[in-house]
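Colleague: Right, I'll just put the structure down here and ask away after.
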Amino acid sequence: MEDDRRLRRRELIAAAGGVFATTGCIGNVASGETDKGDGEGGDGADVTEKDADFAVEPVEYPDETCDVCARNVTEYRRWNAQAVHEDGERAFFCTSGCMGAYYTSPSSFGVSEADIAGLWVTDYGTGETVDGFESYYVFVGERGLIEMPAGRNPVPFATQERAEEFTRRFEELSTGDAERFSKYNMNRCVW
């Protein structure tokens, strides 16, 4: 099972254009929007909240394997992420990098065919679970700059200020390295 999930992640990476851009790709999402609701019901998120039998909010992380890479989710509490689909099915990730891979093609991982209704990450500075759509991510391209599981992962922060403060700690980074989730074209990139 573990080998199957690792193979699926590699296949997804190859399908995403053969680019293993773990430091991110800047650009607009093709539609100009994420799956998060805009309050007008245009993308289905408001319908989800009204019609669903579940809450579109984060839950406690279970002691199980990541839905992308088969690492144990609870071993990496500082990096955890999760998603909930419009049908209530949930996916849990050991890192924000696995969450990004999942977001590009959720149906590839067999959790649900429904659209993603909610996404959450762990704020690197506070350890709090925060809205993944609203968060800022710092893509640390320099290996070994900070310790992180599974190679390079986008480093999530709840606010732009905290993300930029983090970048100031390293001469290899700039405040321009802190980007909103929606600034990255998830259709072309694998984090």
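Each value in this text was obtained by applying a stated rule to the coordinates, not by laboratory testing. A quick note: this is a predicted structure, and the numbers were derived from the prediction, not measured. Cβ placement follows ideal geometry from the backbone for every residue including glycine, while neighbour counts extend to all protein chains displayed.
Colleague: Please compute the modelled spin-label separation between Arg78 and Glu134, points set 7 Å along Cα→Cβ, answer in nm with one decimal.
Modeller: Label at Glu134, label at Arg78, 2.5 nm between them.
Colleague: Full extension from Arg180 to Ser105: what is 0.36 nm times the residue separation minus their Cα-Cα distance, to one decimal in nm? Walk me through the numbers before you get to the answer.
Modeller: Working: separation 75, 0.36 × 75 = 27.00 nm, distance 1.94 nm.
Additional length available on full extension: 25.1 nm.
Colleague: Between the DSSP loop rule and a limit of at most 13 other Cβ atoms within 10 Å, which GluC sites (Glu not before Pro) in the range 68-133 are left?
Modeller: Working: sites: Glu75, Glu86, Glu89, Glu113, Glu128; in loops: Glu86, Glu89, Glu113, Glu128.
Sites meeting the loop and neighbour criteria: Glu113, Glu128.
Colleague: Still on this model: Less than 12 Å Cβ to Cβ from Thr175, Lys/Arg counted +1 and Asp/Glu -1: what total charge do the surrounding residues give?
Modeller: Numbers: positive: Arg162, Arg168, Arg169; negative: Glu161, Glu164, Glu165, Asp177, Glu179.
My count for the surroundings of Thr175 gives -2.
Colleague: Hey, fewest Cβ within 10 Å first, where do Val121, Val155, Val111, Val140 land in order? Let's see the in-between values first.
Modeller: On the way: Val121 31, Val155 28, Val111 20, Val140 23.
So the residues, fewest neighbours to most, are Val111, Val140, Val155, Val121.
Colleague: Between beta-carbons, use under 9 Å as the cut-off and find the net charge around Tyr124, counting Lys and Arg +1, Asp and Glu -1.
Modeller: Details: positive: Arg78, Arg162; negative: Asp123.
Net charge in that neighbourhood comes out at +1.
Colleague: Given R₀ = 35 Å, what would the calculated FRET efficiency be for Arg90 paired with Glu147, taking r from the Cβ atoms and rounding to 0.05? Don't skip to the end; give the middle numbers.
Modeller: Working: r = 27 Å, r/R0 = 0.79.
FRET efficiency, Arg90 to Glu147: 0.80.
Colleague: By counting other Cβ atoms within 10 Å of each Cβ, how are Ser135, Ser108, Ser174, Ser96 ranked from fewest to most?
Modeller: Ascending Cβ contact count within 10 Å gives the list Ser174, Ser108, Ser96, Ser135.
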